[in-house]
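What follows is a single structure, written as structure tokens, with notes after it.
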Amino acid sequence: MKISAHAVGRMVGAWQEGPGPAHRRLSDRLRLLILDGRLCLGAALPGERDLAGAIGTSRTTVGAAYRTLVEHGYLETRERARATVRLPHEDAPAGRRRAGGADAETINLSFAAPPAPPEVLHAAFATALERLPLHFERHGYDRYGAGELREAVAGWYGRRGLATSPGQVMITSGAQHAIGLLARTLLSPRDKVLFDHPTYPHAIRAFTDARARLLPVAVGPSGWDVPQLLAGARSAQLAYLIPDFHNPTGLYMSAEARRSLRPACPVIIDETLADLRLDGDAGREAEPFAAHHPSTISIGSVSKSIWGGLRIGWIRAEPALLERVARTRPATDLGTPVVEQLAAAALLDAGQTRRPEALRQLRAQQDVLLEALAEHLPEVHAPRAPGGVTLWARFPEPVGSRLAAIAPDHGVTIAAGPQFGIGGAFERHVRLPYTLPAARLTEAVRRLASAHRALTAGATGTHVPAAVA
């Protein structure tokens, strides 16, 4: 795949900023783009002259940057061919001792998902196995999902104040699957998709795969800019928003903003985190966006409220739209596994997606993470989130991707801010989940602080950023 000079220019952004010679600043920015996955493996970069013209520098600077990347194993060159992206070989053994003396197991802060509740899941699957024989005479392929789960999802919405019929529900293999199905159904190449920025990385990927043009609208510290969202929606064909304990910031859209936000295009509302309210209103359920806007397309899952390994999600929409999705679906799958659906139905029917003890534990772990940041990284600003499972931590300087590259050497993996945006945005941010036990969170922050000190002292890293969930 060839990447144009203008596309690379947009990705490198303000590469001129910072200390050191120009060619080193440019090579560092390109290396971070490769490590972050925004310049994909095997991609052919533009020629030196073309890139120099696109970013306003000399061909000598670009040539020196390319040579640096070749020397460190990030580019491969052949005569009369474009330089192609690669990754350096990892020479160190898997069991090597990490910098700073951290030789214990790496702590993974790139996944924002709670551990499984064993007793709750065991009981749900026991119920599912009891109900399973009722399905044996059926073929097992159902594009819409098992009736029991569609009724349970409808009941979940009903308890939140939004009357819903099973005919308005389609079951999917997680919320990410739902986003992909809707993108393929609703979008044509070059359509514009409006979304809150930052956002869920796999939504960005789904819309990019559909060859849509992305239209980000910033989510600030105080929340959503409703006038800007409305203005952007006038030229968009679809909007995707996360108003319920937003991923990654944890923010919650106010009732006033929900009522006033009437986009001129279809809207997908991601409610995956809706059951995870942690603030003083923990007893109150999140208000469905569709309660104010009946044409809303709502999606949800049990991956954050129960367990990521239970790959069950859903779409709530008008039956006519679900019919269109059902016609699109066979290109990717023929239905969601039945046993998992029956287990999810048992969980929803029993109200297990909002377990008070689980919410109390998340609140306690959030406190621990904030305390650890205050002790080990006091310069980092991390507002307390009213819900969800993550903090959106802001460093004083743009170090997100470099910190993610070096952090594994100190025994911790993190998700850098640019993974949640486009155009190289959010380099000052990292997303920090509080889904691990308290002692692990404290140790993870201590290791992250060690990585930050090493980075400040001039260390570099070569690790590929971990997958994000």
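The values are calculated or read from the model by the stated rules, or taken from the named source; none is laboratory data. Keep in mind that what you see is a predicted model, and the values were worked out from it rather than measured. Using ideal geometry, Cβ is built from the backbone for each residue, glycine included, and neighbour counts are taken over all protein chains shown.
Just a few scattered comments:
- Among residues of region 101-117 that are assigned to a loop (DSSP other than H, G, I, E, B) and of a type in the set (D, E, K, R), those with a beta-carbon under 8 Å from a residue that is exposed (fewer than 14 other Cβ atoms within 10 Å of the Cβ) and at pLDDT below 90 at least six positions away or on a different chain give the pairs Asp103/Arg97.
- Residue match in region 371-393 (condition: touching an Asp or Glu at 6+ places or on another chain (Cβ under 9 Å) and of a type in the set (S, T, N, Q)): no
- Residues that are under 24 Å from Gly223 (Cα atoms), out of contact with any helix residue (DSSP H, G or I) (no Cβ under 6 Å at 6 or more places or on another chain), crowded, with 19+ Cβ neighbours inside 10 Å and among the polar types (S, T, N, Q) are absent from region 319-338 altogether.
- Residue match in region 315-334 (condition: touching a Ser or Thr at 6+ places or on another chain (Cβ under 7 Å), modelled with pLDDT under 95 and of a type outside the set (Asp, Glu)): yes
- Selection status of Gly73, surrounded by 11 or more Cβ atoms within 10 Å (Cβ to Cβ), modelled with pLDDT of 90 or more, not charged (D, E, K, R) and not assigned by TED's automatic domain parsing to the domain that holds Ser450: no
- Some residue of region 404-420 being of a type outside the set (S, T, N, Q), farther than 30 Å from Ser254 by Cα and touching a His at 6+ places or on another chain (Cβ under 6 Å): yes
- Filtering region 187-208 to residues that are closer than 26 Å to Ala152 by Cβ and not small (Gly, Ala, Ser) leaves Tyr200, His202.
- Cβ-Cβ distances below 6 Å connect the following pairs, each with a first residue in region 123-146 that is in contact (Cβ under 8 Å) with a residue 40 or more places away in the chain, a second residue that is of a type in the set (Lys, Arg) and not in a loop (DSSP other than H, G, I, E, B), and a separation of six or more residues or different chains: Arg143/Arg329.
- Matching option when the condition is within 14 Å of Ala344 (Cα to Cα) and at pLDDT 90 or above, among Ala124, Ala163: Ala124
- Taking (1) assigned by TED's automatic domain parsing to the domain that holds Ser450; (2) at pLDDT below 75; (3) not charged (D, E, K, R) in turn, Asn108 satisfies each apart from (2).
- Number of residues in region 209-233 that are more than 21 Å from Met253 (Cα to Cα) and out of contact with any strand residue (DSSP E or B) (no Cβ under 7 Å at 6 or more places or on another chain): the value is 3.
- When we screen Arg38, Arg59 for residues that are among the basic types (Lys, Arg) and either without any contact (Cβ under 8 Å) to a residue 24 or more places away in the chain or over 17 Å from Ala5 (Cβ atoms) (or both), the only hit is Arg59.
- Residue check, Ala123 within 30 Å of Ala404 (Cβ to Cβ) and surrounded by fewer than 21 Cβ atoms within 10 Å (Cβ to Cβ): no
- Test: residue in region 31-45 that is modelled with pLDDT of 85 or more, more than 33 Å from the chain's Cα centre (by Cα) and surrounded by 16 or more Cβ atoms within 10 Å (Cβ to Cβ): no
- Scan region 366-403 for residues that are assigned to a helix (DSSP H, G or I) and over 15 Å from Leu436 (Cβ atoms) and the total you get is 7.
- Considering (1) modelled with pLDDT under 95; (2) closer than 21 Å to Gly180 by Cα, the lone condition that Ala257 does not fulfil carries the number (2).
- Check on Asp196, surrounded by fewer than 23 Cβ atoms within 10 Å (Cβ to Cβ), modelled with pLDDT of 95 or more and among the acidic types (Asp, Glu): no
- Pairs with Cβ under 6 Å, 6+ apart, first in region 202-219 and of a type in the set (Phe, Trp, Tyr), second modelled with pLDDT of 95 or more and in a strand (DSSP E or B): Phe207/Val193
- Filter pass, Val302 being over 21 Å from Leu238 (Cα atoms) and either at pLDDT 95 or above or buried (at least 21 other Cβ atoms within 10 Å of the Cβ) (or both): yes
- Inspection of region 262-280 identifies at least one residue that is under 22 Å from Phe420 (Cβ atoms), in the same structural domain as Gly145 (by TED's automatic domain parsing) and either among the hydroxyl-bearing types (Ser, Thr, Tyr) or free of Cβ contacts under 8 Å to residues at least 12 places away in the same chain (or both).
- Pairs are defined by a Cβ separation below 7 Å, a sequence spacing of at least 6 or placement on different chains, a first member in region 168-180 that is in the same structural domain as Trp156 (by TED's automatic domain parsing), and a second member that is among the aromatic types (Phe, Trp, Tyr) and part of a strand (DSSP E or B); the pairs so defined are Val169/Trp314; Met170/Trp314; Ile171/Trp314; Thr172/Trp314; Ala178/Trp314.
- Looking across Ile422, Ile406, one residue alone is touching a residue at least 12 places away in the same chain (Cβ under 8 Å), surrounded by fewer than 24 Cβ atoms within 10 Å (Cβ to Cβ) and assigned to a helix (DSSP H, G or I). It is Ile406.
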